[in-house]
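Chemist: Sharing a structure here in structure tokens format.
The values are calculated or read from the model by the stated rules, or taken from the named source; none is laboratory data. Just so it is clear, the structure is predicted and the values come from calculations on it, not from any experiment. Here the Cβ positions follow ideal geometry from the backbone for every residue, glycine too, while neighbour counts run over all protein chains shown.
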Amino acid sequence: MNPKGAWKFLTSVRLAIALLILIIVLATVGTFIPQEREAEFYQKNLPGISGLVLPLGLDHLYRSPLFLSLVFLFLLNLIFCSLQQIPAKFRRLKTDQEAILSASSIILEPQERSHLERWLETDLIQLTSIFRKRHYRVRVSATADGKTFLARKGWPGLFGPELVHLGLIIIIAGGLISAIFSQRISLALVEGQTEKIPGRDFSLRLDRFTTEYYPDGSVRDWKSLVSVLENDQVRLQKTIEVNHPLKYAGMSFFQMSYGHDWDRTLLELEIVWSQSRRRTVTLKVGETIHLEDGARLRALSFIPDFQVDDSGQAYSRSAEAANPAALVEMAEGDKQVFLGWVFHGHPELSRYQRRTGPELKVDLKNFSAPSFSVLEASSDPGTDLVWAGSGLLVLGLLASFYLPYREVRLKQRVGSPPVLLTYARKNRDAFHREVKTLLSLANKKDLKDKGDE
Amino acid sequence: MNEFSFLLLAFITYLLAMLTGFLSLFGSGSQWRKVSYFLGLGGLLLHSLSLTVRTVHSGQPPFTTMYESVSFLAWSCVLAVIIFERKFRLEKTGPYLWLVVVALMALASSPALPKAVNPLVPALQSYWLWLHVSVTLLGEAFLAVAFVASLIYLLTPEKKPGQPSQEARRQNLDQLAYRAVAVGFPLFTLGALVFGMIWASKAWGRYWGWDPKEVWSLITWLFYALYLHTRLVHGWKGKKSALIAVLGFLAALFTFFGVNYFLSGLHSYA
Ligand code: HEM
């Protein structure tokens, strides 16, 4: 392809259409193929197409070379298209009088053209007022060579599409910057904990963490009261909530969720030796306490959502306290008398227990674990570009659709018939017809301009 | 009167607006056109009362459950129908749009969509919910106008035996669809994409994350960008543009309904 052909190809709307279709198809595919999973997942669940998914990068489609190169080509298309359109539009605005009268018309195409029956002599003044009332800027000039009448309005509409395209270029640029430079760190903090922010010279301390609930028990809000510390000095104290992040030194801190530090659960256990002999103790997971008669009780571990897998191993199905259980061991002297899982709310469950005395029972009365707040710290230098681009995009759309550009030229060179030229971005024929109607108003001097009453 | 009585009355009024709309297609139906228009206005009033009662009662924006969103989308469609009927005359497109409204109302009032008020999860408690959803659904209502006009365009034969040319009709439909996109596209851009990105960046700490709902609203938006540009290239205007306007609205519907039911992601609240 020669350079001119390549330029034409890169600026063409046909390329834009082709790329839009391809991007739509690929984006759709990406919503039906689960993204960002392990290779085995695709081999197991999509055996038919995994040979296609993995080499093409469809498992991480939106950052795959295939998708990114389409977006990049689209960006080039947008840039080159704008580079071609913007100068042409400025030229249209600049060709005021100088060129109109010259024989070699450099007035830009496309425009509608027709010849008038006669030159509007004195009615030019009336015509001026007709167009001014319709918010046109009117300019009339006369030289020895001839006369011109120029009326136009809505220049923002002329540049509307360019504003839209420029906004998009900026948004895509912002997106690329985000993809390359944005950083996200997840922080899990318990009350009182201070965490240094990596790569920054400040730390974040969680002062208080509260979860608010609705009457039905579902979560209403999480609130983290945090302090920003620089050199051990409190710089700022603020409550972070969902939808209300903290911004500090180019970083934002978001409330994402919360959790419990189950490894530090405090257990309340009741030991029943017999009907008459029982005792309640509290201890932390990992702790051992001594009971009377040289007996020892040890809490080995705690699982919030107890489940047993195929091989008999206990694990937690979730991080919620849906089926809480503690592993407890009790010994008298060097003889183990109890080992097993005790379940909260189900003292009768003894399936996972081993004990010597049939009377001996341990019951998990209560438990509480310190909760931690999950915050996310992010810095994203692309965000502001995206907002700026979005602003231009929306303004450009409004200008494109609601401030239509209109241009009317009447010109007569001495010795040739008068010519009417009109230009609009859209609906050109209709506009030409409308202008002719306006001209006929001026033609009939005695008729008043009905449209203005 | 509670929200459901108002909703039912609105439903019945819309049904009548549709019937009188279809009557206006026969013979010199200008009387029926007027009746249909005023029935539509009355229905809009009743429907607004239903939405207001719900909002006051729940203290939440009226689009946090599927029932509320469908009802609000129907309300937006009625608004779009009335505005376009006043400004441009919908002709044949009108009654078929009422059919869409009636279908949405039937869905909203059907038992398939639970009517209970659910407390809002933390991420949804934001005034951006108001801006994001209302502007998006309002935009989609105008895209629905373009959808129906384009569908009728595609179904109107170029020539009918015994009749001269249908060209004038087809051009009116094409023009109507374009005008509707010219309103719907900026609204959708602002509501779905721009407000959506702003809210996502506040709630989740990133403005874009390729979540299925996000991708599908992008796909919808790209369809309409495609629609606008096909009109610049000779040969694409007309049938191909109309087809794209139809596909674009189907994509919008999939974003609205399909993503929640078929694909999982962060947006699956309702
Ligand atoms: C998603 C991407 C794009 C969007 C949202 C977009 C948006 C728009 C809009 C809203 C208009 C005005 C349409 C009207 O007034 O009816 C327009 C016009 C136009 N667009 Fe795009 N555009 C996109 C991509 C492109 C690309 C890649 C090209 C490259 C060739 C392009 C070339 C044009 C041209 C030549 C016009 C006509 C300009 C004029 O009438 O003065 N667009 N675009």
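Chemist: I'm told B:Gly238 meets every condition in (1) within 16 Å of the ligand (Cβ to nearest atom); (2) on the phi < 0 side of the Ramachandran plot except one. Can you identify the failing condition by its number?
Modeler: Evaluating B:Gly238 over (1) within 16 Å of the ligand (Cβ to nearest atom); (2) on the phi < 0 side of the Ramachandran plot leaves (2) as the failure.
Chemist: Also: Would you mention how many residues in region A:81-119 are at pLDDT below 75, more than 27 Å from A:Thr437 (Cβ to Cβ) and not small (Gly, Ala, Ser)?
Modeler: 2
Chemist: So which residues in region B:183-207 are in contact with an Asp or Glu (Cβ under 8 Å, 6 or more places away or on another chain) and within 15 Å of the ligand (Cβ to nearest atom), if there are any at all?
Modeler: B:Gly184, B:Phe188, listed by residue number.
Chemist: Scan B:Ser58, B:Ser24, B:Ser28, B:Ser5 and give me the residue that is at negative phi and in contact with a helix residue (DSSP H, G or I) (Cβ under 7 Å, 6 or more places away or on another chain).
Modeler: After ruling out the rest, the residue left standing is B:Ser24.
Chemist: Is at least one residue of region A:29-38 away from chain B (no Cβ under 14 Å) and either more than 14 Å from the ligand (Cβ to nearest atom) or free of Cβ contacts under 8 Å to residues at least 12 places away in the same chain (or both)?
Modeler: There is at least one residue in region A:29-38 that is away from chain B (no Cβ under 14 Å) and either more than 14 Å from the ligand (Cβ to nearest atom) or free of Cβ contacts under 8 Å to residues at least 12 places away in the same chain (or both).
Chemist: Same structure again: Would you call B:Glu167 acidic (Asp, Glu) and at pLDDT 95 or above?
Modeler: So B:Glu167 does not fit the description; no.
Chemist: OK, next. Can you confirm whether A:Leu83 is within 12 Å of the ligand (Cβ to nearest atom), closer than 23 Å to B:Tyr224 by Cα and away from chain B (no Cβ under 14 Å)?
Modeler: For A:Leu83, the condition - within 12 Å of the ligand (Cβ to nearest atom), closer than 23 Å to B:Tyr224 by Cα and away from chain B (no Cβ under 14 Å) - is not met.
Chemist: So, one more: Which members of region B:71-95 meet the condition of being among the β-branched types (Val, Ile, Thr) and crowded, with 23+ Cβ neighbours inside 10 Å?
Modeler: B:Val78, B:Val81, B:Thr93 - these are the residues of region B:71-95 that are among the β-branched types (Val, Ile, Thr) and crowded, with 23+ Cβ neighbours inside 10 Å.
Chemist: Related question: In region A:261-281, what residues are buried (at least 19 other Cβ atoms within 10 Å of the Cβ) and not in a loop (DSSP other than H, G, I, E, B)?
Modeler: If the condition is that a residue be buried (at least 19 other Cβ atoms within 10 Å of the Cβ) and not in a loop (DSSP other than H, G, I, E, B), then A:Trp262, A:Leu267, A:Leu269, A:Ile271 are the ones that fit.
Chemist: It is to be established whether one or more residues within region A:59-81 are free of Cβ contacts under 8 Å to residues at least 24 places away in the same chain and not in a helix (DSSP H, G or I).
Modeler: Checking region A:59-81: at least one residue is free of Cβ contacts under 8 Å to residues at least 24 places away in the same chain and not in a helix (DSSP H, G or I).
Chemist: Any idea which residue in region B:119-142 is surrounded by the fewest Cβ atoms within 10 Å (Cβ to Cβ), counting only those that are free of Cβ contacts under 8 Å to residues at least 60 places away in the same chain and either aromatic (Phe, Trp, Tyr) or touching a Phe, Trp or Tyr at 6+ places or on another chain (Cβ under 9 Å) (or both)?
Modeler: B:Tyr127
Chemist: Which of the residues that make up region A:149-178 are more than 10 Å from the ligand (Cβ to nearest atom) and farther than 28 Å from A:Gly382 by Cα?
Modeler: A:Phe149, A:Leu150, A:Ala151, A:Arg152, A:Lys153, A:Gly154, A:Trp155 - these are the residues of region A:149-178 that are more than 10 Å from the ligand (Cβ to nearest atom) and farther than 28 Å from A:Gly382 by Cα.
Chemist: With A:Arg200, A:Arg208 as the choices, which residue is touching a Leu at 6+ places or on another chain (Cβ under 8 Å), of a type in the set (D, E, K, R) and farther than 29 Å from A:Gly396 by Cβ?
Modeler: The unique qualifying residue is A:Arg208.
Chemist: Considering region A:251-287 alone, what residues qualify as being among the small types (Gly, Ala, Ser) and within 14 Å of another protein chain (Cβ to nearest Cβ)?
Modeler: Once the filter is applied, which keeps residues that are among the small types (Gly, Ala, Ser) and within 14 Å of another protein chain (Cβ to nearest Cβ), region A:251-287 yields A:Ser252, A:Ser257.
Chemist: Is it fair to say B:Phe195 is under 22 Å from B:Leu232 (Cβ atoms) and buried (at least 20 other Cβ atoms within 10 Å of the Cβ)?
Modeler: No; evaluated as a whole, the condition is false for this residue.
Chemist: Could you say whether any residue in region B:96-104 is in contact with a helix residue (DSSP H, G or I) (Cβ under 9 Å, 6 or more places away or on another chain) and without any contact (Cβ under 8 Å) to a residue 12 or more places away in the chain?
Modeler: Within region B:96-104 (the criterion being in contact with a helix residue (DSSP H, G or I) (Cβ under 9 Å, 6 or more places away or on another chain) and without any contact (Cβ under 8 Å) to a residue 12 or more places away in the chain), the answer is yes, since at least one residue qualifies.
Chemist: Any residue at all in region A:226-237 that is in a strand (DSSP E or B), within 13 Å of chain B (Cβ to nearest Cβ) and either at pLDDT below 90 or out of contact with any Cys (no Cβ under 7 Å at 6 or more places or on another chain) (or both)?
Modeler: No, every residue in region A:226-237 fails to be in a strand (DSSP E or B), within 13 Å of chain B (Cβ to nearest Cβ) and either at pLDDT below 90 or out of contact with any Cys (no Cβ under 7 Å at 6 or more places or on another chain) (or both).
Chemist: List the residue pairs whose Cβ atoms are under 8 Å apart, where the first residue sits in region A:152-168 and is touching a residue at least 40 places away in the same chain (Cβ under 8 Å) and closer than 7 Å to A:Ser400 by Cα, the second is within 8 Å of the ligand (Cβ to nearest atom) and not basic (Lys, Arg), and the two are 6 or more positions apart or on different chains.
Modeler: Taking only residues 6 or more apart or on different chains, the pairs are A:Gly157/A:Ser400; A:Gly160/A:Gly396; A:Gly160/A:Leu397; A:Gly160/A:Ser400; A:Gly160/A:Phe401; A:Pro161/A:Gln85; A:Pro161/A:Gly396; A:Pro161/A:Ser400.
Chemist: What is the residue count in region A:200-225 for residues that are within 14 Å of chain B (Cβ to nearest Cβ), exposed (fewer than 15 other Cβ atoms within 10 Å of the Cβ) and of a type outside the set (S, T, N, Q)?
Modeler: The qualifying residues number 6.
Chemist: Another question, if that's okay. On the basis of being of a type outside the set (D, E, K, R) and touching an Asp or Glu at 6+ places or on another chain (Cβ under 6 Å), does A:Ala369 make the cut?
Modeler: Criteria met by A:Ala369.
Chemist: Also: Return the residues of region A:1-28 that are over 18 Å from B:Ile244 (Cα atoms) and more than 10 Å from every other protein chain (Cβ to nearest Cβ); say none if nothing qualifies.
Modeler: Across region A:1-28, the qualifying residues are A:Met1, A:Asn2, A:Pro3, A:Lys4, A:Gly5, A:Ala6, A:Trp7, A:Lys8, A:Phe9, A:Leu10, A:Thr11.
Chemist: Somewhere in region A:145-152, is a residue touching a Pro at 6+ places or on another chain (Cβ under 9 Å), assigned to a strand (DSSP E or B) and buried (at least 18 other Cβ atoms within 10 Å of the Cβ)?
Modeler: The answer is yes; a qualifying residue exists.
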